[in-house]
1. If the Cβ limit is 6 Å and pairs must be 6+ apart or interchain, which residue in the range 339-368 that is assigned to a helix (DSSP H, G or I) pairs with which residue that is surrounded by fewer than 17 Cβ atoms within 10 Å (Cβ to Cβ) and at pLDDT below 85?
2. May I ask you to verify whether Gly91 is in contact (Cβ under 8 Å) with a residue 40 or more places away in the chain, within 20 Å of Leu36 (Cβ to Cβ) and surrounded by fewer than 19 Cβ atoms within 10 Å (Cβ to Cβ)?
3. Is it true that some residue in the range 6-14 is part of a loop (DSSP other than H, G, I, E, B) and touching a residue at least 24 places away in the same chain (Cβ under 8 Å)?
4. Within the range 424-479, work out how many residues are within 10 Å of the ligand (Cβ to nearest atom), touching a residue at least 40 places away in the same chain (Cβ under 8 Å), part of a loop (DSSP other than H, G, I, E, B) and among the hydrophobic types (A, V, I, L, M, F, W, C).
5. For the subset of the range 443-481 comprising residues that are buried (at least 18 other Cβ atoms within 10 Å of the Cβ) and at pLDDT 90 or above, which member is farthest from the chain's Cα centre (by Cα)?
6. Restricting to the range 166-190, give me the number of residues that are more than 21 Å from Val45 (Cα to Cα) and of a type in the set (Val, Ile, Thr).
7. Would you check which residues across the range 384-423 are assigned to a loop (DSSP other than H, G, I, E, B) and closer than 18 Å to Phe483 by Cβ and list them?
8. Select, from Arg406, Arg414, the only residue that is surrounded by 17 or more Cβ atoms within 10 Å (Cβ to Cβ), more than 33 Å from the chain's Cα centre (by Cα), farther than 16 Å from Ile383 by Cβ and more than 9 Å from the ligand (Cβ to nearest atom).
Amino acid sequence: MNWITIAWPMVASACLTLGLIELRIGLTQPPRAARLLFALSAFAVAGIAGLELALTRADSLADWWPLMRWLDIAVGVMMVSLTAFIWVYFGTGNTWLALAVPGLYAVGLAFDYLSGSGPGSGMTYQQITGFRTVETFGGVTFNLAEGVPNPWNVFPYLAVLVLIVFVVDASARLWRRGGRWRAAVVGGAVVVFFLVGGGQAALIETGAVQMPYLISWAYLAILVAMASELHADVLAAAQLASRLQDSEMVLQRLRSQLAHASRVSLLGQLASALAHELNQPLGAILRNAEAAELFLAQEPPDLDELRAILVDIRQDDLRASGVIERLRSLLKRRSLAPCALSVGDLLSTVAALTRGDATARKTRLEIAAAPGLPLVMGDAVHIQQVLLNLVLNAMDAVGHLPAERRQVTVGAQRRDERDLEMTVSDGGHGIAPEQLGQLFEPFFTTKPHGMGIGLAISRTIIEAHGGRIWAENNTSAGATFRFTLPLVEESTAP
Ligand code: ADP
């Protein structure tokens, strides 16, 4: 065991590891072609490292010659894949230069494979003259072939030169387009690699230096540059993913706040409507109870009157529990469950729900539904929520007017064969023309304490029903919000 047998496998495993990582990522993530080509070059260099190591041990022609042929192939694969990688990754480059790289290298290889060269001669050496054992640092020895350089070997070196020109040219183009960092780091690393690796191989093959091949070592420069470059993409993607996750969570939180807010506001409406509707039967029950006390105080008590009072009380009680039951059913269902609905019922529930607000804000709520309207298909709770939003917005819009002009009108009319149109109009401040397109966007609000979600929810609900919602300014004053709902086929309200 010496440092050569440790160092080369380390280089090979670095290449293999990065190659595998890029292969794995390249199968699913962009830039896919660039990653796969880079992985191929890294695998080729891992092979080159193994062959370089084996060559330091080869001391006979029989061992050396096949290794050298494989090395020629591996270097060819590495050169072509790196050329293609730069081309794809930079998205630019001179086509002719790019094609010249494999062309020139193939001419060199052709000599190896087609010219009938056999053991003892090949692309690198015309004739092997022998093997030398050379001692290097730490007394470690390695073997080196000696021979007469082959003039055909100029072609692979020409290919290397053309590749360098191609990369410099592609880097300059990318630089001009603004990809300066990538051009400098990746382009620079590839050029350094070919200058160092090619130069060192040339020095060995001309006998100028006596060293093992260091092509795979020079590749480490590319490995570092590319790893940082390509991983920056992965990092950016990961950051993006985590940012998306964060916003997803924010959205989720907002959604639940929203659900809560609308539920709370609906509950508020329900509470005041409940109080209003219960007041009447409860008051009647109280008055009847007081009357009953008076009748009981008479001597003898008027049993007939008392019986009639008890009937009244029972009826009022039933009415009160009916009111509670009807309003409670509004709260029960929250998911969309469309069924045939009477427009009249929808409007009277909304009127009941907003009566408290209307009184408090001194605003008149007018219901103007055309008679005999057909049934619509929808989820009552959701449609009521939409009407509620629109009516409360309209009340906000007329809030600044003198009390006698504060009016909101809710209307319903048949639009065509298939749709019914509901409208909520007010004579308020209207909508600024530049805001007409944004009203239904989530979080768009012009109110100091507004949330800007009412209309966005309304649009979601109406579109989920297959309808459309929009707003327009009235010619006189204020705005009208309209939405459509599908009619139940062949139906008319009872
Ligand atoms: P919020 O009421 O919380 O602002 P909405 O989504 O219900 O959220 O409304 C968004 C915006 O649409 C309001 O801030 C307001 O500018 C505008 N708007 C809604 N209804 C009316 C209306 N009837 N008249 C004028 N502007 C309106």
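1. Close Cβ pairs (under 6 Å, with a partner that is surrounded by fewer than 17 Cβ atoms within 10 Å (Cβ to Cβ) and at pLDDT below 85) amount to Arg355/His276; Gly356/His276.
2. Criteria met by Gly91.
3. Checked against the condition, which is being part of a loop (DSSP other than H, G, I, E, B) and touching a residue at least 24 places away in the same chain (Cβ under 8 Å), the range 6-14 yields no hits at all.
4. Total satisfying the criteria: 3.
5. Once the filter is applied, the top-ranked residue is Gly478.
6. 1
7. Residues satisfying the conditions are Arg415, Asp416, Glu417, Arg418.
8. Arg406
The values are calculated or read from the model by the stated rules, or taken from the named source; none is laboratory data. Please read all numbers here as calculations on a predicted model, not as lab measurements. All Cβ positions, glycine included, derive from the backbone under ideal geometry; neighbour counts span all protein chains shown.
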